[in-house]
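The values are calculated or read from the model by the stated rules, or taken from the named source; none is laboratory data. Note that the structure is a prediction, hence the values are computed from the model and not measured. Positions of Cβ are backbone-derived with ideal geometry, glycine not excepted, and every protein chain shown enters the neighbour counts.
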Amino acid sequence: MTLMPRDPFTDTVPLRQAMNWLLDEGSPQPARHWLPLDVYETAAALVVRAALPGVKPDQVDIAIDGDTLTISGEYKAEEEAGTQYHRRELYAGAFERALRLPDRFESERSVADFENGILTLTIPKVEQAEVRHIKVQARTAGAVDGAAR
């Protein structure tokens, strides 16, 4: 058997991933994969984007409970009988991500689109009442308005 030289750049594990693996080994509950998100605000909405390659739209659950948004689901591993892996780095299993939403968004009118493995959740902003300006009128010193003071 010939040993392949190790490549220090491709064989290293990020510290966060190593710590997650270490902590998950002692955990009785199944590990949940960290789901990276892009979250940005436009003039009309808050937009949350997540890359979910290989996941079907019906395998994703989006829940908004009060001010907490949770996106969860599961990456399914495709297993072929008789397959022997030399390296297996694609994550298979549950994923979940929760984040707090600001008060100024209407979660009831949210829309989720799924295209080419990209989930885009759009949460519209609460329509602000128009600012009403009240003109200040000067009173003359001798005018009485009939109100008791």
| query | Taking region 103-142 only, how many residues are in contact with a Ser or Thr (Cβ under 8 Å, 6 or more places away or on another chain) and either over 20 Å from Val60 (Cβ atoms) or in a strand (DSSP E or B) (or both)? | reply | 8
| Filtered residues of region 105-149 (kept if of a type in the set (Ser, Thr, Tyr), at pLDDT below 90 and surrounded by 10 or more Cβ atoms within 10 Å (Cβ to Cβ)) | Ser107
| said: Return the residues of region 58-74 that are over 17 Å from Val126 (Cα atoms) and surrounded by 13 or more Cβ atoms within 10 Å (Cβ to Cβ); say none if nothing qualifies. | reply: Gln59, Val60, Ile62, Thr70, Ile71, Ser72, Gly73, Glu74
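Only one residue in Ala77, Ala81, Ala92, Ala98 is surrounded by fewer than 11 Cβ atoms within 10 Å (Cβ to Cβ) and either without any contact (Cβ under 8 Å) to a residue 60 or more places away in the chain or not hydrophobic (A, V, I, L, M, F, W, C) (or both). Which one? Please lay out each step first, then the result.
Values: Ala77 fails: surrounded by fewer than 11 Cβ atoms within 10 Å (Cβ to Cβ); Ala92 fails: surrounded by fewer than 11 Cβ atoms within 10 Å (Cβ to Cβ); Ala98 fails: surrounded by fewer than 11 Cβ atoms within 10 Å (Cβ to Cβ).
Sole residue among the options that is surrounded by fewer than 11 Cβ atoms within 10 Å (Cβ to Cβ) and either without any contact (Cβ under 8 Å) to a residue 60 or more places away in the chain or not hydrophobic (A, V, I, L, M, F, W, C) (or both): Ala81.
Residue by residue through region 39-56, note down the ones that are surrounded by fewer than 13 Cβ atoms within 10 Å (Cβ to Cβ) and under 17 Å from Arg97 (Cβ atoms).
At the first step, the residues of region 39-56 found to be surrounded by fewer than 13 Cβ atoms within 10 Å (Cβ to Cβ) are 40, 42-44, 53, 56.
Answer for region 39-56, where residues must be surrounded by fewer than 13 Cβ atoms within 10 Å (Cβ to Cβ) and under 17 Å from Arg97 (Cβ atoms): Tyr40, Pro53.
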